[in-house]
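K.L.:
Questions regarding the structure given below will be posed in turn.
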Amino acid sequence: MPRQKIKLTDEALSNVKLMASIGCTMESIAEMLTDLGHPISLRSLYNLKRHDQRTRQSFAVGMAQANLRIAEKILQLAMSGHFAALVYWERTRSGIADVQRSEVNHTHQQTNIVIQKQTA
């Protein structure tokens, strides 16, 4: 006889979204759901996230909320003149990145190592 499919309630999905929005790991979320009366193993939670659209959406919305809060904080810091936040904001938002390329040229008598720092 096949096992009964796990389906999270609206309350459990709300908790998943909340926990994902504060950066909880999958393991922590599975443990908290079990403590809240929704027993689920870590493996089952991964499978549910992969195959159940409502669960996947709860995780996605929670992570999007976390990313939004982080971006807001970095923007506030950058606007107040925090140098590291300014640099981070500029590099991530405008697509600027430091690319380090290493070349090793071998000859019979001599080894030349060239390291170039490029801004793409």
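K.L.:
Can you tell me which residue is surrounded by the most Cβ atoms within 10 Å (Cβ to Cβ) among those in segment 32-51 that are within 20 Å of the chain's Cα centre (by Cα) and among the charged types (D, E, K, R)?
P.N.:
My answer is Lys49.
K.L.:
Could you please let me know if Arg69 is at pLDDT below 90 and either within 17 Å of the chain's Cα centre (by Cα) or loosely packed, with under 10 Cβ neighbours inside 10 Å (or both)?
P.N.:
On the way: at pLDDT below 90: no; either within 17 Å of the chain's Cα centre (by Cα) or loosely packed, with under 10 Cβ neighbours inside 10 Å (or both): yes.
Considered against the rule, which asks whether it is at pLDDT below 90 and either within 17 Å of the chain's Cα centre (by Cα) or loosely packed, with under 10 Cβ neighbours inside 10 Å (or both), Arg69 comes out as no.
K.L.:
Kindly provide the set of residues from segment 7-22 that are in a loop (DSSP other than H, G, I, E, B) and touching a His at 6+ places or on another chain (Cβ under 9 Å), ordered by number.
P.N.:
Residues of segment 7-22 that are in a loop (DSSP other than H, G, I, E, B), as a first pass: 7-9, 22.
Once the filter is applied, which keeps residues that are in a loop (DSSP other than H, G, I, E, B) and touching a His at 6+ places or on another chain (Cβ under 9 Å), segment 7-22 yields Leu8, Thr9.
K.L.:
Which residue pairs have Cβ atoms under 8 Å apart, sit 6 or more places apart or on different chains, and have a first residue in segment 50-63 that is more than 14 Å from Met26 (Cβ to Cβ) and a second that is polar (S, T, N, Q) and outside any loop (DSSP other than H, G, I, E, B)?
P.N.:
Going by the 8 Å Cβ cut-off, the qualifying pairs are Val61/Ser21.
K.L.:
Here's something else I'd like to know. Can you tell me which residues in segment 12-31 are in contact (Cβ under 8 Å) with a residue 24 or more places away in the chain and surrounded by fewer than 14 Cβ atoms within 10 Å (Cβ to Cβ)?
P.N.:
Initial filter on segment 12-31 (in contact (Cβ under 8 Å) with a residue 24 or more places away in the chain): 12-14, 16-23.
Result: Ser14, Ile22, Gly23.
K.L.:
Please verify whether segment 90-109 includes one or more residues that are touching a helix residue (DSSP H, G or I) at 6+ places or on another chain (Cβ under 6 Å), modelled with pLDDT of 80 or more and surrounded by 11 or more Cβ atoms within 10 Å (Cβ to Cβ).
P.N.:
No - not one qualifying residue is present in segment 90-109.
The values are calculated or read from the model by the stated rules, or taken from the named source; none is laboratory data. As the structure is a prediction and not an experimental result, all values here were calculated from the model. Cβ coordinates were reconstructed from backbone atoms using ideal geometry, including for glycine residues, and neighbour counts include every protein chain displayed.
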